[in-house]
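Got a structure for you, questions after.
Just so it is clear, none of the values below were taken in a lab; they were calculated from the coordinates. Computed from a predicted structure; not experimentally measured. Quick reminder, even Gly has a Cβ in these numbers, built from the backbone with ideal geometry, and neighbours come from all protein chains shown.
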Amino acid sequence: MRALGESCRTIARAPGEPFVRVIDQTRLPKELAWAQLATVREVASAIRTMVVRGAPLIGVTAAYGLAIGLHADASDAALEEAKATLAATRPTAVNLRWALERVSKAVREVATDARAEAAFREADAIAEEDVAASRAIGRHGAALLREVWMRRSGAGLPDAALRVMTHCNAGWLATVDWGTALAPLYTLAEEGVPLHVWVSETRPRNQGLLTEWELRQEGIAATLLADSACGLVMARGEVDCVIVGSDRTAANGDVCNKIGTYLKALAAKEHGIPFFVALPSSTLDLSAPNGASIPIEERAAIELTTLPDVHAVNPAFDVTPARFVTKLITERGVCDANAADIARLHPTEGRTATTPERAS
């Protein structure tokens, strides 16, 4: 996608380099800056402090982090230490552990002196598969959203924009490229479908600012609004559908996503607005029977209060029950948010929460 008129990805590694460069998202939207990550400690810090954010990108970054660690020390002990350090950074996004397990498995039987190269090769593959999955999510999601727009056009409003609400950032900044929830919007924009996106501010980290910045780079009309104003805009009939991403989705279709997602799902249900969730299969946790089994990350209160002496709690995620989800959109297609339909689209034979099928 584009950043300041130039095509780029969120994470990049030149051939043969034992490090990666990532967009420092803590400096957006004021400044587009890059950070170089050359040690496991630097990668872990980037994930923990949200220099990189978004479940798919966290997974890809962690994969590279393990490869970077093996370049410094390829012993079994160092592998396990690096894996544990990276796994401890964010507890909710399942892509993190999935990616670490996948790289670890790829190098386990490899000679020590060839482990780093094998790990970087696997991390490169995970990154490319993430792009392919996002593109596929874009195609499947665009077909779904196009139906919503055509119903609006059929109501005598042929030139009216499709009015979409989103939450947090699930665009290309949350992946390697294209994104999850925003990928269908980018696909529709390429086709010439008029769009207007209501961008939820998403307190306390204000990731909605990143979504607005992304959409502006692509020339898509967007309006930023406070989290607490979203229900009012729905009640006024100014939203045609809601689409969000996911950090972990349970086997029964419960969706764990950035805090505030649940409230939007409740408001959408009340006003008869479709509520879509876009995610790659690596975000499905088939070992989690329901949302209650998903760990919720508690971040530092200072993010919320900005003052050291105010008592506060700061959960980073909430769970939207499957009954409030209209459809799940993955790279394999669209399904209902229930165990049977998820299993139909994503067969469980030979799979665990950390070995999802590769993107096709």
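If you plug each phi of the range 224-241 into the Karplus form 6.51 cos²θ - 1.76 cosθ + 1.60 with θ = phi - 60°, what whole-Hz ³J(HN,Hα) values come out, in order, with x for Gly and Pro?
After applying 6.51 cos²θ - 1.76 cosθ + 1.60, I find 7, 8, 5, 3, 6, 8, 5, x, 5, 5, 5, 4, 6, x, 9, 10, 8, 6 Hz.
Rounding to the nearest 10 and keeping the result within 0 to 90°, find how far the Cα-based axis of helix 208-217 lies from the longest principal axis of the chain.
That helix lies at roughly 80 degrees to the long axis.
Pairing the Cα long axis of helix 261-270 with the longest principal axis of the chain, what angle in degrees results, from 0 to 90 and rounded to the nearest 10?
Helix 261-270 sits at roughly 20 degrees to that axis.
Rg to Rh ratio, the range 2-127, alpha-carbon atoms and Kirkwood radius?
Radius of gyration relative to Kirkwood radius: 0.97.
Follow-up question, since we're still on this one. Using θ = phi - 60° and the Karplus relation 6.51 cos²θ - 1.76 cosθ + 1.60, list the HN-Hα couplings for the range 38-54 in order, rounded to whole Hz, with x at every Gly or Pro.
Karplus-based 3J(HN,Hα) across the range 38-54 equals 10, 9, 4, 4, 5, 5, 4, 5, 4, 6, 5, 8, 6, 4, 10, 8, x Hz.
Post the alpha-carbon centroid distance, the range 263-314 to the range 57-133, in whole angstrom.
Measuring centre to centre over Cα atoms gives 26 Å.
Still on this model: If Lys and Arg each add +1 and Asp and Glu each add -1, what is the summed charge of the other residues whose beta carbon sits under 14 Å from the beta carbon of THR175?
Net of charged neighbours comes to -4.
Here are several values of log10 I(q)/I(0) by the Debye sum over Cα atoms at q = 0.07, 0.13, 0.16 Å⁻¹: [x] -0.40, -1.02, -1.29; [y] -0.31, -1.10, -1.52; [z] -0.28, -0.98, -1.46. Which one was derived from the coordinates shown?
Looking at log10 I(q)/I(0) by the Debye sum over Cα atoms at q = 0.07, 0.13, 0.16 Å⁻¹ for this model, the match is [z].
With the crude spin-label approximation of a point 7 Å out along Cα→Cβ, what separation in nm comes out for ALA38 versus ALA160?
5.6 nm
A further question on this structure: Ranked from highest to lowest mean number of other Cβ atoms within 10 Å per residue, what is the order of the peptides 271-278, 257-264, 217-224?
Top to bottom by mean Cβ count within 10 Å: 257-264, 271-278, 217-224.
Take each of the peptides 230-243, 136-149, 301-314, average the number of other beta-carbon atoms within 10 Å over its residues, and list them starting from the highest.
Going from most to least packed, we get 136-149, 230-243, 301-314.
What angle do you read, to the nearest 10 degrees and between 0 and 90, between the alpha-carbon axis of helix 94-107 and the longest principal axis of the chain?
The helix 94-107 is inclined about 30 degrees to the chain.
Round to the nearest 0.05 the FRET efficiency obtained for ALA229 and ARG121 when R0 = 35 Å and r is the Cβ-Cβ distance.
0.15
Could you order peptides 169-175, 9-15 by the average number of other Cβ atoms within 10 Å of their residues, highest first?
169-175, 9-15
Amide H to amide H, which residues 5 or more places from LEU195 or on other chains are under 5 Å from it, using H placed in the peptide plane?
LEU162, ALA221
Find which of LEU185, VAL164, LEU215 sits farthest along the positive direction of the dipole of the chain, computed with +1 on the beta-carbon of Lys and Arg, -1 on that of Asp and Glu, about the Cα centre.
VAL164
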